[in-house]
1. Considering every residue within the range 110-132, establish whether at least one is within 30 Å of His241 (Cβ to Cβ), touching a strand residue (DSSP E or B) at 6+ places or on another chain (Cβ under 6 Å) and in contact (Cβ under 8 Å) with a residue 40 or more places away in the chain.
2. How about the range 359-417: which of its residues are over 25 Å from Thr147 (Cα atoms) and among the β-branched types (Val, Ile, Thr)?
3. When Thr147 is evaluated against the numbered criteria (1) more than 29 Å from Pro32 (Cα to Cα); (2) touching a residue at least 24 places away in the same chain (Cβ under 8 Å), which criterion, by number, is the only one it fails?
4. Met359 versus (1) under 26 Å from Ala256 (Cα atoms); (2) surrounded by 15 or more Cβ atoms within 10 Å (Cβ to Cβ); (3) in contact with a strand residue (DSSP E or B) (Cβ under 6 Å, 6 or more places away or on another chain); (4) in contact (Cβ under 8 Å) with a residue 40 or more places away in the chain: which is the lone unmet condition?
5. Could you list all residues from the range 330-360 that are polar (S, T, N, Q) and touching a helix residue (DSSP H, G or I) at 6+ places or on another chain (Cβ under 8 Å)?
6. Among the residues of the range 185-202, count how many are touching a helix residue (DSSP H, G or I) at 6+ places or on another chain (Cβ under 8 Å) and within 17 Å of Met408 (Cβ to Cβ).
7. Which numbered condition in (1) closer than 23 Å to Ile88 by Cβ; (2) not in a helix (DSSP H, G or I) is the only one that Glu33 fails?
8. In the range 208-251, which residues are over 22 Å from Thr280 (Cα atoms) and among the small types (Gly, Ala, Ser)?
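The values are calculated or read from the model by the stated rules, or taken from the named source; none is laboratory data. Remember, predicted model here, so these are calculated numbers, not experimental data. With ideal geometry, Cβ positions are generated from the backbone for all residues, glycine too; neighbour counts draw on all protein chains shown.
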Amino acid sequence: MSTAKISNFSEIGKLNTVIIHQPGSEMENMTPETAHEVLYDDILTLDLALAEHAQLSGVLNVVADNVYEFSDLLADVLEDSKVKLDLIQDVCALHGHNELVDDLMAFDARDLSDQLFQGTLLKKNTLERYISPSRHAIPPLPNAFFTRDAVMCVYDKPIIGSMAHRVRLTEALLLKSIFNHHPNLKGTGFHYDGTKRQSEALTIEGGDLLVIRDDLLVIGYSERTSARAIDRMAETLSLGHENLDIVVVELPKIRATIHLDMIFTMLDVDTVMNFPPLITGAGKCKAFHMSCTNGKINYINEYSGLPKALRQFGLELNFVNCGGNNSFSQEREQWTSGANFFTFAPGQIIGYKHNKATMEALDKAGFEIIDAKDVIAGNKTLPAGKAAVAMDGSELSRGGGGCRCMTMPVHREAVNW
């Protein structure tokens with residue numbers, strides 16, 4: 001494992017280092033009745049999810065220098081007894097079970113890492129606990145394979161997510177400890193540490209933050225990212241910048257659009273994937289341009305939609321439609337993460353093959369469609385031009401996300417715009 005400098009100045013630069021998480025037993029620590037407690041609509045089958053996620057990790061290992069596993073990074077930092085104690089105390093305090101500190105300290109680093117993902121059962125040794133509907137004192141982390149949400153690397157530092165739902169705060173604590181202490185993730189502190197927020201109204205998650213260029217961000221104002229948090233990011237991220245432009249997209253506060261990257265992702269310098277009803281169609285989301293200079297918001301303008309706002313910054317984009325040109329297919333495939341692509345080099349992307357109309361739209365837009373299994377086996381070499389790697393993901397998508405959600409870039413090469 002080599003040291004990775006934090007450097008992320010675009011959505012599309014060639015990927016060098018990325019963090020992912022293979023789903024584990026945490027997936028099986030819920031029932032249909034308790035799934036909603038961990039933000040799931042249904043339960044997933046672990047064996048199917050593992051087979052699909054192996055295709056993502058297999059492709060990433062072909063195209064990137066460093067593919068870090070979240071649980072391995074955590075096990076590494078837990079070898080330090082002080083880091084271990086501090087983290088355990090933080091997690092136990094978060095969930096109101098300080099009595100578990102000694103029990104958890106007894107685990108070795110590897111086993112503790114696994115334990116923190118799979119959750120710790122609630123001992124039913126008091127009446128209050130006996131009648132509690134909760135099975136867990138410290139809940140499992142079935143959302144942790146969506147590594148994008150709880151941390152986001154922007155420029156040379158991470159932002160530790162300020163999670164909208166309490167059940168995901170543990171993920172942010174674990175990732176903060178990794179970025180604070182792992183020798184292979186060299187940084188200079190955090191832009192913002194969401195685990196220390198002083199207001200429930202200040203929430204931000206990585207699915208809503210897209211780094212277009214070093215002077216341009218697009219952020220979703222969603223059910224998971226608040227206006228107050230966007231104001232804070234504008235002030236913080238513009239420090240030291242003569243000019244930083246932020247385009248804010250106001251999303252419907254519904255399950256299908258929990259994050260901006262569920263309806264809009266960058267594929268190339270001039271090409272994006274979009275869900276037309278909310279990006280280019282008659283009912284498109286409003287957009288706001290925030291002009292920022294060195295920690296200050298200069299002014300805010302409103303636009304009828306994201307495309308018009310982005311044109312002000314020289315981005316004349318080609319819009320590929322999630323679901324193609326059929327409104328019925330668009331609605332179905334957006335629900336199954338059809339707009340959520342991960343770009344690992346300019347014009348080179350990976351997404352779910354079950355979204356057939358979306359893949360057909362990419363083919364028409366000049367992307368060569370390549371099966372993930374062929375990339376992993378070496379049967380196909382990625383072309384120099386545009387390519388869309390198609391992976392199995394019917395089970396993973398039932399968790400509510402796609403390939404961008406499951407990847408957290410740490411280092412990308414610069415892009416010539």
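1. No: the range 110-132 contains no residue that is within 30 Å of His241 (Cβ to Cβ), touching a strand residue (DSSP E or B) at 6+ places or on another chain (Cβ under 6 Å) and in contact (Cβ under 8 Å) with a residue 40 or more places away in the chain.
2. Ile369, Thr381
3. Thr147 satisfies every listed condition except (1).
4. So Met359 meets the others, but not (4).
5. Gln330, Gln334, Thr336, Ser337, Asn340, Gln348, Asn355, Thr358
6. 8
7. (1) is the only condition that Glu33 fails.
8. The answer is Ser226, Ala227, Ala229, Ala234, Ser238, Gly240.
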